[in-house]
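Asks: This is the structure, below, for whatever I ask next.
The values are calculated or read from the model by the stated rules, or taken from the named source; none is laboratory data. Treat the numbers as computed from the prediction; the structure is a model and nothing was measured. FYI the Cβ positions are ideal-geometry reconstructions off the backbone, even for glycines, and counts take in every protein chain you see. Heads up: the accessible areas ignore ligands, DNA and RNA and are worked out on the full protein's heavy atoms, side chains in. Shrake-Rupley method; radii C 1.70, N 1.55, O 1.52, S 1.80 Å.
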Amino acid sequence: MKLPQHSNVSSGVDRRHFLGASFGLIAAASLGGLARPASAASPIVLPPLPYADSALAPIISANTIGFHYGKHHKGYVDNLNRLLAGSDLADLPLDKIVAAVTGKADKTAIFNNAAQIWNHTFYWNSLRPNGGGEPPAALKQKIEASFGSVDALKKELAAAAMGQFGSGWAWLVADGDKLKVVKTGNADLPAAGLKPLLTIDVWEHAYYLDYQNRRADYVNALLDKLINWEFALQNLG
């Protein structure tokens, strides 16, 4: 697979190490339902939403959730299970599948679908009804140390989300003791050594039914009203 063309990627070896360590721990701790017993060659399942499909309205409508979660996210799960059928990856949990195929040219389709399942599940958990507002004190202290203020962080996240050309993701990540904002294209995840805390989906299917071409309105509304600071604190550890 062609390595992602953005400044956050170092090498396939580094990314495999990261995915097997930091990524896997976050999946186990924060995204229940993604893993499965190593001995069971059972299909990857679509994780349930952490809220009702109408719970994010009017910022994100039930109609958008129906297509985004019910069609796109489910489509990645269905595609991945077809691609894995009969392979030596068929009995692995999702995080180990992503780690195993990252950087392999003959496994591009598997990577794209597996990574998108993980990214989307992380995105749903990055949002919550009646979100936004003030982060928990421990997270706010880290944000202020890294960005100066919560508003400065939100502006940087919005700029990353708006600045991602085409499809992709804007992320709040931990880089050692510091927090930073990065963006990735398509199905790519943050690079080695960066621990994802939150993500914003800027694929058009995330917002087009509600906002058409007004990506900025979607991003700003999400940051003001839906962002799940508690999830970020949980991932920070």
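Asks: Working only within the stretch 51-66, note down all residues that are part of a helix (DSSP H, G or I) and surrounded by 17 or more Cβ atoms within 10 Å (Cβ to Cβ).
Replies: Correct list: THR64, ILE65.
Asks: Now, a different point. What about LYS154, is it open to solvent by 10 Å² or more (accessible area, probe 1.4 Å) and over 29 Å from LEU83 (Cα atoms)?
Replies: It is true that LYS154 is open to solvent by 10 Å² or more (accessible area, probe 1.4 Å) and over 29 Å from LEU83 (Cα atoms).
Asks: How many residues, within the stretch 40-94, are among the aliphatic types (A, V, I, L, M) and under 30 Å from ASP217 (Cα atoms)?
Replies: Within the stretch 40-94, residues that are among the aliphatic types (A, V, I, L, M) and under 30 Å from ASP217 (Cα atoms) number 11.
Asks: Consider GLU144 against the criteria (1) of a type outside the set (Ser, Thr, Tyr); (2) in contact (Cβ under 8 Å) with a residue 40 or more places away in the chain; (3) in contact with a helix residue (DSSP H, G or I) (Cβ under 8 Å, 6 or more places away or on another chain); (4) surrounded by fewer than 16 Cβ atoms within 10 Å (Cβ to Cβ): it satisfies all of them except one. Which criterion is unmet?
Replies: The number of the failed condition is (2).
Asks: Going by what's in this entry, would PRO48 be described as open to solvent by 50 Å² or more (accessible area, probe 1.4 Å) and modelled with pLDDT of 85 or more?
Replies: Here the answer is yes, as PRO48 does meet what is asked.
Asks: Now a separate question. ALA216 versus (1) aliphatic (A, V, I, L, M); (2) surrounded by fewer than 16 Cβ atoms within 10 Å (Cβ to Cβ); (3) under 20 Å from HIS73 (Cβ atoms): which is the lone unmet condition?
Replies: Result: ALA216 fails condition (3) only.
Asks: Consider ASP88 against the criteria (1) under 30 Å from LEU56 (Cβ atoms); (2) without any contact (Cβ under 8 Å) to a residue 60 or more places away in the chain: it satisfies all of them except one. Which criterion is unmet?
Replies: Only one criterion is unmet by ASP88, namely (1).
Asks: Also, I was wondering about something else. So is ASN79 of a type outside the set (Val, Ile, Thr) and modelled with pLDDT of 50 or more or not?
Replies: Considered against the rule, which asks whether it is of a type outside the set (Val, Ile, Thr) and modelled with pLDDT of 50 or more, ASN79 comes out as yes.
Asks: Let me ask another. Which of the residues belonging to the stretch 97-109 are β-branched (Val, Ile, Thr) and in a loop (DSSP other than H, G, I, E, B)?
Replies: THR102
Asks: Now for a different question. Kindly indicate whether THR102 is among the hydroxyl-bearing types (Ser, Thr, Tyr), surrounded by 14 or more Cβ atoms within 10 Å (Cβ to Cβ) and at pLDDT 95 or above.
Replies: Answer is no for this residue.
Asks: Based on what the data block shows, is VAL173 open to solvent by less than 10 Å² (accessible area, probe 1.4 Å), farther than 16 Å from LEU233 by Cα and of a type in the set (Val, Ile, Thr)?
Replies: Judged against the criteria, VAL173 is not a match.
Asks: Here's a follow-up. Take LEU80 and decide whether it is of a type outside the set (Phe, Trp, Tyr), assigned to a loop (DSSP other than H, G, I, E, B), farther than 23 Å from LYS180 by Cβ and open to solvent by less than 30 Å² (accessible area, probe 1.4 Å).
Replies: The answer is no for LEU80.
Asks: Could you please give the count of residues in the stretch 119-141 that are buried (at least 19 other Cβ atoms within 10 Å of the Cβ) and more than 16 Å from ALA221 (Cβ to Cβ)?
Replies: Total satisfying the criteria: 8.
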